[in-house]
1. Evaluate the following for residue 48: is it of a type in the set (Val, Ile, Thr), under 17 Å from residue 104 (Cβ atoms) and touching a helix residue (DSSP H, G or I) at 6+ places or on another chain (Cβ under 6 Å)?
2. What are the pairs with Cβ atoms under 7 angstrom where one residue, in region 178-190, is over 14 Å from residue 153 (Cα atoms) and without any contact (Cβ under 8 Å) to a residue 24 or more places away in the chain and the other, located anywhere, is among the polar types (S, T, N, Q) and part of a strand (DSSP E or B)? Sequence gap at least six, or different chains.
3. Quick one: which helices (runs of 4 or more DSSP H) lie wholly within region 1-92 and hold at least 3 residues that are loosely packed, with under 14 Cβ neighbours inside 10 Å and either of a type in the set (Ser, Thr, Tyr) or out of contact with any strand residue (DSSP E or B) (no Cβ under 9 Å at 6 or more places or on another chain) (or both)?
4. For the list (1) modelled with pLDDT of 95 or more; (2) more than 18 Å from the chain's Cα centre (by Cα), I need the number of the one condition that residue 111 fails.
5. Can you tell me which residues in region 163-190 are touching a helix residue (DSSP H, G or I) at 6+ places or on another chain (Cβ under 6 Å) and at pLDDT below 80?
6. Looking only at region 115-140, which residues are among the aliphatic types (A, V, I, L, M) and either within 26 Å of residue 152 (Cα to Cα) or at pLDDT 80 or above (or both)?
7. May I ask you to say which residue of 6, 91 is of a type in the set (Gly, Ala, Ser) and modelled with pLDDT under 95?
8. When region 144-165 is examined, which residues are found to be under 16 Å from the mean Cα position of the chain (by Cα) and acidic (Asp, Glu)?
Amino acid sequence: MENLFSEKVRDEAVIKVKTESGKTAADIGAGTGFMTEGLLNAGLNVVIAESSPEMLELLKQRFGHFREVEIVKTTENKIDIADNTIDYVFSNMHLHNLVEPVILIEEMVRILKPGGKLAITDLAEHRYEDFQKLQNHNWPGFNMPDLYEWFVKAGLKEISIEVLNDTVLFDSAAGESIAFNVFLAYGEKH
């Protein structure tokens, strides 16, 4: 799914966070490393957190030789990174796969340093149930009020959630193209 949208989504998340070169970012649910690639290009050290053994192997092949990269195995609801150690946390197109995304949001905030910044990009709420089932997504995207509430509950401030001027296109089983909106949710740890 990661290759079906533009780098613009990734770049907008990095710009929103106003990253500083040399600081440390975590890529949660890294998949193939699409976000990691952008974070490295921004001059950041990256801690990759991924639960899939297949993706971990791919990530090790792609990024294992970078001294700026650390790869950690994680579970759906627990990130194996110490409290208050990360400057920036990013998660791209991962939340919709989770059973309880609010738990992972709280975990992402836990690992952030005070004043650290979180950016999540994912699908905005949609009504394509067939697509959701076909892709084995647990969530049909997200609505903005729920995201805002989860960010507040997790202890974030300076929250902004916006639907980006970019879409993800998929071909349905019927052969039609379906466009999905993408959001960028941002917050800072107290």
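1. Working: of a type in the set (Val, Ile, Thr): yes; under 17 Å from residue 104 (Cβ atoms): yes; touching a helix residue (DSSP H, G or I) at 6+ places or on another chain (Cβ under 6 Å): yes.
So residue 48 passes the test.
2. Correct list of pairs: 179/167.
3. Because the criterion is at least 3 residues that are loosely packed, with under 14 Cβ neighbours inside 10 Å and either of a type in the set (Ser, Thr, Tyr) or out of contact with any strand residue (DSSP E or B) (no Cβ under 9 Å at 6 or more places or on another chain) (or both), the helices (runs of 4 or more DSSP H) in region 1-92 that meet it are 7-17, 53-63.
4. The failed condition is (2).
5. 166, 168
6. Residues satisfying the conditions are 118, 119, 120, 123, 124.
7. Numbers: 91 fails: modelled with pLDDT under 95.
So the residue among 6, 91 that is of a type in the set (Gly, Ala, Ser) and modelled with pLDDT under 95 is 6.
8. Selection gives 162 alone.
The values are calculated or read from the model by the stated rules, or taken from the named source; none is laboratory data. In this text, all values refer to a predicted model and were calculated from it rather than measured experimentally. For neighbour counting, all protein chains shown are included, and Cβ atoms are generated from backbone atoms with ideal geometry for every residue, glycine included.
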